[in-house]
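K.L.:
To start, I am sharing the structure in question, which I have written as structure tokens.
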Amino acid sequence: MTTEVTNKTEETIKNSNFIKDIIDEDLKSGKHNQVVTRFPPEPNGYLHVGHAKSICLNFGLAKSYNGRCHLRFDDTNPTKEEQEYIDSIKADVQWLGFSWGDHEYYASNYFEQLYDWAILLIKAGKAYVDDQTADQIKETRGTLTKPGTNSPWRNRSIEENLDLFQRMRNGEFQNGEKVLRAKIDMASPNINMRDPVMYRILHAHHPRTGDKWCIYPTYDYTHGQSDAIENITHSICTLEFQDHRPLYDWFVENLPVPAVPHQYEFARLNLTYTVMSKRKLLRLVKENHVNGWDDPRMPTISGMRRRGYPASAIRDFCERIGVAKANSTVDFQLLENCVRDELNRNALRFMAVTRPLKIVITNYPEGKVEWIEAENNPEDPSAGTRKVPFTREIFIEQEDFMENPPKKYFRLFPGNEVRLKHCYYITANEAIKNPDGSIKEVHCTLDPESRSGSTPDGRRIKGTLHWVSATEGKKAEIRLYDHLFLLANPDKVEEGKDFLENINPESLEVLTDAVVEPDLVKVAPGTATQFLRMGYFVADLSHTPEKPVFNRTVGLKDGWAKVQRNQ
């Protein structure tokens, strides 16, 4: 069941955290005296915002109950795992504000113990070596309405199974030639209980264990036993693992594990205009539809960091959407609203012109530079002020001037007066055009008595424009990011079509003629700013004073609040 929350109020979105209720009862009853959780990512890609929800939940619960949260890498598939992914996962968890301390673990730490336990299951007649291929196993597993069919090798003797399993470990067989399966019930209504595979042969170099192993345990076999070894009290997974819980319990019950963990499931995060499948995200990267895992259009944590999303805003978002038992799809605007709230409080204000139109103030002295005092953040008086250079020639946005404006256009047009942010009133007198008829520049005059932003006669001006000095300003590259996909649900495609067909061809626009305040180019990479009237931007990781680059984080418009007002 999927519950749409796009048109619900924020208070409705805040689901109670049912896992907290479980923990409270466990502590009260004495079942546990300490909370131990874990975050167990597979190092086969970069983490996305759905993982951020799990990180905030697992680490947050441990912190709330003065317990601990382990970071455990599920490194059981060496063909897809890379050290780059391990490093990025650790960086993302730390950036979100969480620490695992000394509790960094790997499933590969337990390979020898898992192997020994597999031997015990074989000796107990509860595991066997199967010669069927992966396709044959799939074909004989049955369906939801049809029971599975026993493997021809299901009743091998314990001695033969032990010998074959040892030879599998010794590397005597090729990939896919044999597997080890648990012997449970091929007629079980739960397909996961129909003799699941425990080990498969993979002749592949492992990042941590090297070439020591050529057989690797499956996730279903590894997960619960790793939890037991680490004495995890609350093993929290997403809903797709709910049907795997009986198998999780079966392994724990049939092995001499040092503790008895329990698995709990919560709803995964689905976000409009994004895909959360690692496989699909990997395609976007490998097929060059984006510029790497940290492309600001990606829903990865590193991509959101590069786009300028504060870690605190992502934590706030995860808190607002709550922890529920039913899957839901959250409107991307809620995430943007969390980002906007945070940046509005903390981002320094600057002026930047993205598509410049030159203004020549004909009654202002040539060569004069006047330094205008401007506030850095009206939401935070302690942020102080800065000096902005004002000159005879300035730039404004092209859209802020029209020769023949419509009604209620309060910006600049011939004969109209506007206020320049932080300083003078100017009036447009003449538009100078290029040979092709386009506007080259606009000649204006200023009122010298309006320097303070007001005049002795007290006349009111409806339009206020941002601006940058044409001679003192600095050129910058500005990247305008939009949704990567055109559809709110890019996973929903017609049969025979690919989700990549929904990519937004205008998801990135690069402006190379933008001009910004001179102080703006001096900020460090990763610095969040607000471009007045334009939105929130961040200095890109590649940003330098010599080659400034800014990424648009989010617009000024509060789309989520507008949705709520219309309810």
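K.L.:
Just checking, how many residues over the range 65-91 are of a type in the set (A, V, I, L, M, F, W, C) and touching a residue at least 60 places away in the same chain (Cβ under 8 Å)?
P.N.:
Within the range 65-91, residues that are of a type in the set (A, V, I, L, M, F, W, C) and touching a residue at least 60 places away in the same chain (Cβ under 8 Å) number 2.
K.L.:
Which of the numbered conditions does Lys368 fail, given that it passes all the others? Conditions: (1) under 46 Å from the mean Cα position of the chain (by Cα); (2) among the basic types (Lys, Arg); (3) surrounded by fewer than 18 Cβ atoms within 10 Å (Cβ to Cβ).
P.N.:
Looking at each condition in turn, Lys368 falls short on (1).
K.L.:
Can you confirm whether the range 273-280 contains a residue that is more than 25 Å from Ala134 (Cβ to Cβ), in contact with a Lys or Arg (Cβ under 6 Å, 6 or more places away or on another chain) and crowded, with 23+ Cβ neighbours inside 10 Å?
P.N.:
no
K.L.:
Out of Phe531, Phe550, which single residue is within 28 Å of the chain's Cα centre (by Cα), outside the structural domain of Asn416 (by TED's automatic domain parsing) and under 21 Å from Thr300 (Cα atoms)?
P.N.:
Phe550 is the lone residue from the list that is within 28 Å of the chain's Cα centre (by Cα), outside the structural domain of Asn416 (by TED's automatic domain parsing) and under 21 Å from Thr300 (Cα atoms).
K.L.:
Considering only residues that are buried (at least 22 other Cβ atoms within 10 Å of the Cβ) and aliphatic (A, V, I, L, M), which ones fall in the range 294-312?
P.N.:
Met298, Ile301, Met304
K.L.:
Suppose we keep only residues that are outside any strand (DSSP E or B) and touching a His at 6+ places or on another chain (Cβ under 8 Å) within the range 528-550. Which one would you say is nearest to Phe390 (Cα to Cα)?
P.N.:
Going through the qualifying residues, I end up with Leu532.
K.L.:
Additional query: For the range 358-368, what are the residues that are more than 13 Å from Gly473 (Cβ to Cβ) and in contact (Cβ under 8 Å) with a residue 60 or more places away in the chain?
P.N.:
Scanning the range 358-368 gives Val360, Ile361, Thr362, Asn363, Tyr364.
K.L.:
I'd like the residue in the range 254-270 that is at pLDDT 95 or above and farther than 19 Å from His32 by Cβ and, out of all such residues, is surrounded by the fewest Cβ atoms within 10 Å (Cβ to Cβ).
P.N.:
Only one residue fits best here, namely Pro256.
K.L.:
On to the next question. Looking only at the range 116-137, decide whether some residue is under 16 Å from Arg208 (Cβ atoms) and in a helix (DSSP H, G or I).
P.N.:
Scanning the range 116-137, I find no residue that is under 16 Å from Arg208 (Cβ atoms) and in a helix (DSSP H, G or I), so the answer is no.
K.L.:
Of the residues that sit in the range 88-106 and are in a helix (DSSP H, G or I) and not basic (Lys, Arg), which one is nearest to the chain's Cα centre (by Cα)?
P.N.:
Asp92
K.L.:
Given the residues Leu61, Leu96, Leu71, Leu47, which is the only one that is more than 20 Å from Asp211 (Cα to Cα) and in contact with a Ser or Thr (Cβ under 6 Å, 6 or more places away or on another chain)?
P.N.:
Just one listed residue meets the conditions, Leu61.
K.L.:
Only one of these is in contact (Cβ under 8 Å) with a residue 60 or more places away in the chain and either outside the structural domain of Val442 (by TED's automatic domain parsing) or surrounded by fewer than 21 Cβ atoms within 10 Å (Cβ to Cβ) (or both): Asn346, Asn291. Name it.
P.N.:
The unique qualifying residue is Asn346.
K.L.:
Would it be correct to say that Glu495 is modelled with pLDDT of 95 or more and either more than 22 Å from the chain's Cα centre (by Cα) or surrounded by fewer than 19 Cβ atoms within 10 Å (Cβ to Cβ) (or both)?
P.N.:
It is false that Glu495 is modelled with pLDDT of 95 or more and either more than 22 Å from the chain's Cα centre (by Cα) or surrounded by fewer than 19 Cβ atoms within 10 Å (Cβ to Cβ) (or both).
K.L.:
Let me ask another. If the Cβ limit is 6 Å and pairs must be 6+ apart or interchain, which residue in the range 129-143 that is at pLDDT 95 or above pairs with which residue that is among the charged types (D, E, K, R)?
P.N.:
Correct list of pairs: Val129/Lys178; Asp130/Arg181; Asp131/Lys178; Arg141/Arg194.
K.L.:
Counting just the residues of the range 74-93 that are of a type in the set (Ser, Thr, Tyr) and at pLDDT 95 or above, which one comes out farthest from Thr209 (Cα to Cα)?
P.N.:
So, considering only residues that are of a type in the set (Ser, Thr, Tyr) and at pLDDT 95 or above, the one farthest from Thr209 (Cα to Cα) is Ser88.
K.L.:
For Ser452, which of the numbered conditions (1) surrounded by fewer than 13 Cβ atoms within 10 Å (Cβ to Cβ); (2) over 29 Å from Ala374 (Cα atoms) fails to hold?
P.N.:
Among (1) surrounded by fewer than 13 Cβ atoms within 10 Å (Cβ to Cβ); (2) over 29 Å from Ala374 (Cα atoms), the lone unmet condition for Ser452 is (2).
K.L.:
Now a separate question. So the check is Cβ under 6 Å with 6+ separation or different chains; which pairs have a first residue in the range 438-455 that's under 13 Å from Phe413 (Cα atoms) and a second one that's loosely packed, with under 14 Cβ neighbours inside 10 Å and hydrophobic (A, V, I, L, M, F, W, C)?
P.N.:
Every condition considered, the pairs that remain are Glu441/Ile432.
K.L.:
Scan (1) in contact with a Gly (Cβ under 8 Å, 6 or more places away or on another chain); (2) surrounded by fewer than 17 Cβ atoms within 10 Å (Cβ to Cβ); (3) not aromatic (Phe, Trp, Tyr) for the single condition Glu506 breaks and write down its number.
P.N.:
(1)
K.L.:
Shifting gears a bit: Cβ-Cβ distance below 6 Å, separation of 6 or more or different chains: which pairs start in the range 404-433 with a residue that is in a strand (DSSP E or B) and end on one that is among the acidic types (Asp, Glu)?
P.N.:
What qualifies is Leu412/Asp400; Tyr425/Glu417; Tyr425/Asp447; Thr427/Glu417; Ala431/Glu403; Ile432/Glu441.
K.L.:
Scanning the range 161-188 for residues that are of a type in the set (S, T, N, Q) and in contact with a strand residue (DSSP E or B) (Cβ under 8 Å, 6 or more places away or on another chain), which turns out surrounded by the fewest Cβ atoms within 10 Å (Cβ to Cβ)?
P.N.:
Gln174
K.L.:
Which one is surrounded by the most Cβ atoms within 10 Å (Cβ to Cβ), of the residues in the range 189-222 that are free of Cβ contacts under 8 Å to residues at least 40 places away in the same chain and touching an Asp or Glu at 6+ places or on another chain (Cβ under 9 Å)?
P.N.:
The extreme case among them is Ile201.
K.L.:
State all residues of the range 492-510 that are within 26 Å of Gly308 (Cβ to Cβ) and part of a loop (DSSP other than H, G, I, E, B); if no residue qualifies, say none.
P.N.:
Matches in the range 492-510: Asn504, Pro505, Glu506, Ser507.
K.L.:
Another question about this same structure. State yes or no: is Val521 modelled with pLDDT of 95 or more, closer than 30 Å to His422 by Cα and outside any strand (DSSP E or B)?
P.N.:
Judged against the criteria, Val521 is a match.
K.L.:
Right, next: I'd like the residue in the range 50-65 that is more than 11 Å from Arg268 (Cβ to Cβ) and polar (S, T, N, Q) and, out of all such residues, is surrounded by the fewest Cβ atoms within 10 Å (Cβ to Cβ).
P.N.:
Ser64
K.L.:
So, of the residues in the range 210-242 that are of a type in the set (A, V, I, L, M, F, W, C) and in a loop (DSSP other than H, G, I, E, B), which turns out to be nearest to the chain's Cα centre (by Cα)?
P.N.:
Ranking the candidates gives Ile232 first.
K.L.:
Residues being more than 18 Å from Lys90 (Cβ to Cβ) and either of a type outside the set (Phe, Trp, Tyr) or at pLDDT 95 or above (or both): count how many of those fall in the range 12-49.
P.N.:
Residues meeting the conditions: 24.
The values are calculated or read from the model by the stated rules, or taken from the named source; none is laboratory data. Since the structure is predicted, the reported quantities are computational estimates derived from the model, not experimental observations. Don't worry about glycine lacking a Cβ; one is built from the backbone with ideal geometry, like all the others, and counts go over all protein chains shown.
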